[in-house]
Structure formats: C-alpha cells, structure tokens
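Some notes on the structure that comes next.
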Amino acid sequence: MCALLVNPAQQDHDHDQDRELRVRTLSVAEYQAFLSRHGGASFLQYPSWARVKDLWRSERVGWHYPDGEIQGAGLVLYRQFPGTRKYFAYLPEGPVADWSDPHIDRWLTPLMRHLRGAGAFAARIGPTPAYRRWDAAAAKAGAGPGRQISDVLATEVDPVGAALADRLRTRGWKRCGGEDDGDAQPRHVFRVPLAGRSLDDVWAGLNQEWRRNVRKAQKAGVETVIGTFEDLPEFYRLLRITEERDGFRLGRSLAYYEQQYRVLNEEEPGRMRLYLGIYQGEILAAHTMITAGKRVWYQTGASADHRREVRPSNALQWRMMSDAHALGAQEYDMRGVPSTLDPSARSYGLLRWKLGTGGQVVETLGEWEIPMDGVANTALYRAFQAYLARR
C-alpha cells in the first residue's frame, strides 16, 4: 500500500491554484490596507502618485478570490487618446502581484478583461522582479571602450524574473525600448542593500574615495539638513544648473516638484524629503528622497557648479543612506544608471559615482506593453505609439 504525503502549505497553495482570481476596483482604504500589509510596493503604486500625474485618470484595482480576500493590487493610470473615448492603461512599477506564480494567466487574464471594460485599447505594466544583478566590483572590472553592462557576466540572475520574461513574451507582451534601453522608468537602477547590515557595514562598503569625500565635507563644515516646501525653488534652480552641466533634461517644472512634495506628504508626513547640503550659509546641493513601506529611493539630485571641492553631494548621500538605515529600509535605491560601461561616455560618470557606494547595478524586468485583442485596438495602439513619438 502506498501513502501520499502532502505538505499542508503546498496543499493550500495547490488549492489556491484552483480558485479563480477576479479583479475589481478598490477603495482608497482597501488599497492602502493592502499596501501596508505588503510593504514592498514602489512609491509609484501609491494613491498619491495618481495626484502627481493629474493629467491621467486613475483607478485602484485588486485581485481577489470569490470570498473577497485581496491577493494583489495595482494603481492604474489611464491616458486618453486624443479624439477618442479609448485609453492607454499604465501600471508604473506595478502591479503588486505574485509574479512567481507559474499560472500567470490567473493574474493577467482578469486584469486585461477589467482594463478592456474600462475602455483601454492597450496596457503597460512594470513587473517588480529583478532580472540580473552586478555587484560594484564586477561592473567596475568590466568597464572599457564600447562596453555595456550586458557584456559582463551577471553576479546573480533572478530565476523569477527570467521565467516571467519568457512567460510574457510567449503571451505577446513586448518589452518597451527593446532589450537594452528603458522607457518611462529606468531599466537599470542602482541599489545599496541595507537589510541585515549595520551602519558600520554600510560605511565599510563605500570605497576609499567616497569615505574620503564624506570626511572632507564633514571637516570643511558642510551641514546636511532636511529642508521644507519653501526650499523647493532653490532645489529647482540647482537642478537647472545640474542639467546644463551634465547634459540632460528631465523636463519637469518647479510646479511639478511642488505638487509631488505636497501630495506625497499629505498621504504620509515625511514620505518625500528634501535634503540640503549647506556650506557657509549657502545651499550647494539639494537631493530628494522618497520613503514607502520598507523601501527608500534617492529620486533627484542637484548641485552648484562652485565649491565642489567640499563634496556636499557625498555628504548628503551619506546622510540619506544613514536615515534610510534608521528607518529600517531594506535597501537604498539610487534609481537610474546608464547601461554603458564606456569610460569615455558622458553618462558613465554618474554610474562611476554610484558604484562607489558599493551597491549593485540591477537590471529590472522593465516595462511591457500589449494591445487589447481586436484589429481596431491594434491600429489605435500603433497610432498612439506614433503620436507619442512625435511629441
């Protein structure tokens, strides 16, 4: 006689596979309660982000079993295609779902059905699993003329991310920006792990140049303080100087940052902080930091062209990392980095600066798009892509 031994947890999991997930609109309270339980959602998935993106219509959706238990959720932003009643549906760095579930259609099918019912002609999602990681030493060693981060053997490949990418492709989803570049959100980001590390460990992880520059700022008397809403115009002035110096353009107005600061902090005081590096009474650097759940992001940095030798930006970053550690963050996300490892490329300087913190280059799974079924939706999707390309 043979006996079949079944793990109770596995039995519960198998039972869940047989239950149908449904998608419905969530109230703000329901949605916030789910995010609080989860703790790992991006700040782009919080209700306040819909108020930052006020030119988009928004909706909070949740996956649930027939008994009502919420299993996943997402913030959907709807952008209307001019002259139609149809919408492009976008879930930035979301939704929050069980992306390890091999039965991915249980999640995607009800979502697409719901979005189509809401008038969407196409959808874009930003699944949260990582794809590949390179530690600072591997990325630095791989630098050279014409080199890309993808040319270097990854320190770690996330099996969930790799499997999910294959599952999305086989279902007709297309990775935005091809296989190398990002789109609305950066494909490659830089993260400093904090979980399980003391602040001394984090300090030891900085390279010698970073530790020397932080000490130099401290010895020179650079103060690091948390600013207020009234300091945003100065932050913005420094940001314009930084854009001109470093050859990039974010295209954001002062009003955009004021709106972001206002609505994020209305949702939770301290969600968005403005850090100032002050030397002899003058603000030389200003950086923004966002906190949500167990995650912290360095979002935008700006600095003056003069007195750079006192290293205000290094001092600010160390203060922000220290505060993130004190908040119990699992990692300090320094956001986007270029994919180039060519030292002659202008953008490589940003990567080199972040590498000095001893963190990791992380290739996220990126953003994925698909039109809804039907010839009309496919045609509208192509027209929408052309419309965006002309803007």
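The values are calculated or read from the model by the stated rules, or taken from the named source; none is laboratory data. As the structure is a computational prediction, the values presented were derived from the model and not from experiment. We place every Cβ from the backbone using ideal geometry, glycine too, and count neighbours over all the protein chains shown. Ligands, DNA and RNA are excluded from the accessible area calculation, which covers all protein heavy atoms including side chains. Shrake-Rupley method; radii C 1.70, N 1.55, O 1.52, S 1.80 Å.
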> Classify region 344-391: rounded, prolate or oblate, from the alpha-carbon gyration tensor (a ≥ b ≥ c, eigenvalue square roots; a/c under 1.5 rounded; otherwise prolate if a/b is larger than b/c)?
Replying inline: oblate
> Under 16 Å from a point 7 Å along the Cα-to-Cβ line of residue 19: which residues of region 61-86 have their amide N that close?
Replying inline: 62-73
>> Run the numbers for residue 375 and residue 254: contour at 0.36 nm per residue of separation, minus the present Cα-Cα distance, in nm.
In response: 39.4 nm
>> Need one number: nm distance between label points at residue 169 and residue 322, each 7 Å from Cα along Cα→Cβ, rounded to one decimal.
In response: 4.6
> Of 248, 62, 29, which is farthest on the positive side of the dipole of the chain, counting Cα position, with +1 on Lys and Arg Cβ, -1 on Asp and Glu Cβ, and the Cα centre as origin?
Replying inline: 248
> What is the local net charge at residue 315, summed over the other residues whose Cβ is closer than 15 Å to its Cβ (Lys, Arg +1; Asp, Glu -1)?
Replying inline: +4
>> I'd like to compare 326-334, 79-87: which one has the highest average count of other Cβ atoms within 10 Å, and what's the full order after that?
In response: 326-334, 79-87
>> Could you order the peptides 111-123, 55-67 from most to least packed, using the average number of other C-beta atoms within 10 Å per residue?
In response: 111-123, 55-67
>> Leaving out ligands, DNA and RNA, and with a 1.4 Å probe, what % of the accessible surface on the chain is carbon or sulfur?
In response: 50
> About its Cα centre, what dipole magnitude does region 55-207 give when the only charges are +1 on Lys and Arg Cβ and -1 on Asp and Glu Cβ, stated in debye to the nearest 20?
Replying inline: 800
> Any idea what the dipole of region 216-282 comes to, in debye rounded to 20, about its Cα centre with Lys/Arg Cβ at +1 and Asp/Glu Cβ at -1?
Replying inline: 280
> Per residue, what accessible area does region 40-108 have, given a 1.4 Å probe and all protein chains present, in Å²?
Replying inline: 36
> Averaged per residue, what accessible surface does region 241-391 expose to a 1.4 Å probe, in Å²?
Replying inline: 42
> Can you list the lysines whose alpha carbon is less than 19 Å from that of residue 86, not counting same-chain residues fewer than 8 positions off?
Replying inline: 53
> With every protein chain left in place, what is the accessible area per residue of region 153-218 in square angstrom, probe 1.4 Å?
Replying inline: 53
> Among residues other than residue 25 whose Cβ falls under 13 Å from its Cβ, what is the net charge (Lys/Arg +1, Asp/Glu -1)?
Replying inline: +2
> Which of 287, 109, 131 sits farthest toward the positive end of the charge dipole of the chain, with +1 on the Cβ of Lys and Arg and -1 on the Cβ of Asp and Glu?
Replying inline: 287
> Where nothing but the Cβ of Lys and Arg (+1) and of Asp and Glu (-1) is charged, how large is the charge dipole of the chain around its Cα centre, in debye to the nearest 20?
Replying inline: 1120
>> Could you order the peptides 44-53, 298-307 from most to least packed, using the average number of other C-beta atoms within 10 Å per residue?
In response: 44-53, 298-307
> From the list (1) 26.1, 86; (2) 20.5, 57; (3) 22.3, 84, can you say which value of Rg and Dmax of the Cα atoms in Å was derived from the structure given?
Replying inline: (3)
>> So for region 40-163, averaging the separation of alpha carbon pairs under 8 Å that are six or more residues apart and normalising by length, what relative contact order in percent results?
In response: 19
>> Pick from 32, 360, 317 the residue whose mean-square fluctuation is largest in a GNM of the chain, springs joining Cα atoms under 10 Å.
In response: 32
> When the label point is put 7 Å from the Cα of residue 383 along its Cα-to-beta-carbon vector, which residues of region 55-83 have a backbone N closer than 13 Å?
Replying inline: 81-83
> Within the chain, what percent of beta bridges assigned by DSSP are antiparallel, to the nearest 5?
Replying inline: 90
